[in-house]
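Asks: Below is a structure I'd like to ask you about.
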Amino acid sequence: MTIFDNAISSIQLALTDFSSGDNQRLLSAVRNLHSGILLLYKAKLSSLSPADSNDVLIKKAILPQWGAHGQIVFVGDGDKTVDVRGIEERFNRLNIRTDWERFRRINKVRNDVEHYFSRVHRDTLRSMISDTFLIIRNFITNELRGDPREALGHDAWTTLLSVSEVIEKERQECARKLTATDWQSAELASAMLELTCSSCGSALIQPLGSDRDSGIECRSCGEPEGFERSAERALSEYLGWKNHLSIKDGGEEVLITCPFCSNDSYLVEENECAICGESCTQTCNYCGGNIPVSELSDGSVCGYCDHMLSKDD
């Protein structure tokens with residue numbers, strides 16, 4: 001079987017598990033949906049790998065060697081394949097398009113289910129199937145130049161389509177209510193649209209009242225959550241990966257702990273806490289220099305001047 005065949009098989013198996021009505025098979029459904037998407041991505045990279053390169057674009061380790069005509073070529077080494085981060089990097093380099101935001105939601109559900117299987121809710125998986133449907137449809141059509149309905153078969157396609165249509169209507173209603181709420185921060189407003197339920201993992205989140213302080217509620221399981229907790233969680237999940245990449249590339253954090261309210265909700269770019277609304281002074285009152293992100297506080301001096309002033313005392 002080809003990588004593409006394995007991808008289709010995983011997706012079909014997942015939908016069979018989901019349609020069985022057996023809650024014990026939900027974990028298998030989640031795993032296979034996640035695996036199916038990754039295999040589709042690897043199928044694309046494999047198709048672009050040069051002949052006799054040992055599928056270089058899907059291998060974690062890539063080594064140079066001399067080619068048949070005396071030129072240097074790169075080949076895949078070993079059996080380990082590239083991880084999600086590696087796939088994203090290679091897609092960006094090769095201008096391969098997919099909806100990474102939706103995939104991150106799928107990835108989060110998969111990770112949550114692995115750790116908290118007892119919390120699995122069928123609506124959580126319905127949301128995941130909806131995201132899967134949109135990724136599969138667009139990726140097979142646009143990147144693999146195939147017909148997703150033909151590739152998946154009638155039964156799998158019908159299940160994907162029917163679940164997606166229902167869940168997307170509910171998502172649109174939740175998004176309408178979330179968008180109508182004044183979150184007092186553009187970044188927080190975007191983060192709340194991506195938030196999933198802390199109890200069951202469903203993406204169907206709606207505000208409880210007309211203002212942000214009312215908190216939110218899961219439309220699937222009914223679990224309520226207060227504003228501060230939900231906002232902090234939303235920002236952490238929405239910006240956490242940006243924090244990681246920025247630090248990895250030698251930059252500064254985009255989200256830090258607020259010096260005023262101690263929530264992980266201070267947005268560096270907005271220079272304001274999305275929860276308490278306080279702002280840090282960015283210019284030192286003594287030396288006039290910019291205060292680094294790592295030294296932002298409820299005061300108005302940089303770390304160096306603070307150190308020198310404490311020595312004077």
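Asks: Relative to the longest principal axis of the C-alpha atoms of the chain, give the angle of the C-alpha long axis of helix 26-48, reported between 0 and 90° and rounded to the nearest 10°.
Replies: Approximately 80 degrees, to the nearest ten.
Asks: Here's something else I'd like to know. Viscosity 1.306 mPa s, temperature 10 °C: Stokes-Einstein D of region 184-279 from its Kirkwood Cα radius, in µm² per second?
Replies: Reported coefficient: 116 µm²/s.
Asks: Specify which residue in the list Ala189, Gly21, Thr283 is farthest towards the positive end of the charge dipole of the chain, using unit charges on the beta carbon of Lys, Arg (+1) and Asp, Glu (-1), about the Cα centre.
Replies: My answer, from the dipole projection, is Gly21.
Asks: Okay, moving on. Show me the three semi-axes of the equivalent ellipsoid for the chain, from the C-alpha gyration tensor (sqrt of 5 times each eigenvalue), largest first, rounded to whole Å.
Replies: Working: eigenvalues 327, 187, 42 Å².
The three semi-axes for the chain are 40, 31, 14 Å.
Asks: Just to confirm the number: angle between the C-alpha axis of helix 227-248 and the first principal axis of the chain, 0 to 90 degrees, nearest 10?
Replies: The answer is roughly 70 degrees.
Asks: Among Asn263, Asn290, Asn107, whose mean-square fluctuation peaks in a Gaussian network model of the chain (Cα, cutoff 10 Å)?
Replies: Evaluated over the chain, the most mobile residue of the options is Asn290.
Asks: For an R0 of 41 angstrom, estimate the FRET efficiency from the Cβ-Cβ distance between Glu270 and Glu223 and round to the nearest 0.05.
Replies: Details: r = 29 Å, r/R0 = 0.71.
For R0 = 41 Å, the calculated efficiency reads 0.90.
Asks: Under 5 Å between amide hydrogens, which residues at least 5 positions from Asp264 or on another chain qualify, with H placed 1.01 Å from N in the peptide plane?
Replies: Cys258
Asks: Charges at C-beta only: +1 for Lys and Arg, -1 for Asp and Glu. How large is the resulting dipole of the chain about its Cα centre, in Debye rounded to 20?
Replies: On the way: 33 positive and 48 negative charges, 292 e Å.
For the chain, the charge dipole is close to 1400 debye.
Asks: Here's a follow-up. Please give the length that would be gained between Asn92 and Leu134 if that part of the chain were fully extended, namely 0.36 nm times their separation in residues minus their C-alpha to C-alpha distance (nm, one decimal).
Replies: Numbers: separation 42, 0.36 × 42 = 15.12 nm, distance 1.96 nm.
Using 0.36 nm per residue and subtracting the Cα-Cα distance, I get 13.2 nm.
Asks: Quick check: residue separation of Ile72 and Glu278 times 0.36 nm, minus the Cα distance between them. What number comes out in nm?
Replies: On the way: separation 206, 0.36 × 206 = 74.16 nm, distance 5.68 nm.
The Ile72-Glu278 span can extend by a further 68.5 nm.
Asks: Figure the gain on full extension for Cys287 and Arg85 (residue separation times 0.36 nm, minus the Cα-Cα span) and round it to one decimal in nm.
Replies: 68.6 nm
Asks: How many angstrom lie between the C-alpha centres of region 183-208 and region 233-291?
Replies: Rounded to whole Å, the Cα centres lie 20 Å apart.
Asks: How far is it, in nm, from the label point at Glu168 to the one at Lys108 when both lie 7 Å from their Cα along the line to the Cβ?
Replies: Here the answer is 2.1 nm between the modelled labels.
Asks: Rounded to the nearest 10 degrees, what's the angle between the helix 154-180 long axis and the longest principal axis of the chain, both from Cα atoms, 0 to 90?
Replies: Roughly 10 degrees between the two axes.
Asks: In region 126-185, what trypsin sites (Lys or Arg not before Pro) fall in a loop by DSSP, with at most 14 other Cβ atoms inside 10 Å?
Replies: Details: sites: Arg126, Arg137, Arg145, Arg149, Lys169, Arg171, Arg176, Lys177; in loops: Arg145.
Sparse-neighbourhood loop trypsin sites (Lys or Arg not before Pro): Arg145.
We did not get these values from a lab; they are worked out from the coordinates using the rules stated. Computed from a prediction, not measured in an experiment: that's the story for all the values here. Positions of Cβ are backbone-derived with ideal geometry, glycine not excepted, and every protein chain shown enters the neighbour counts.
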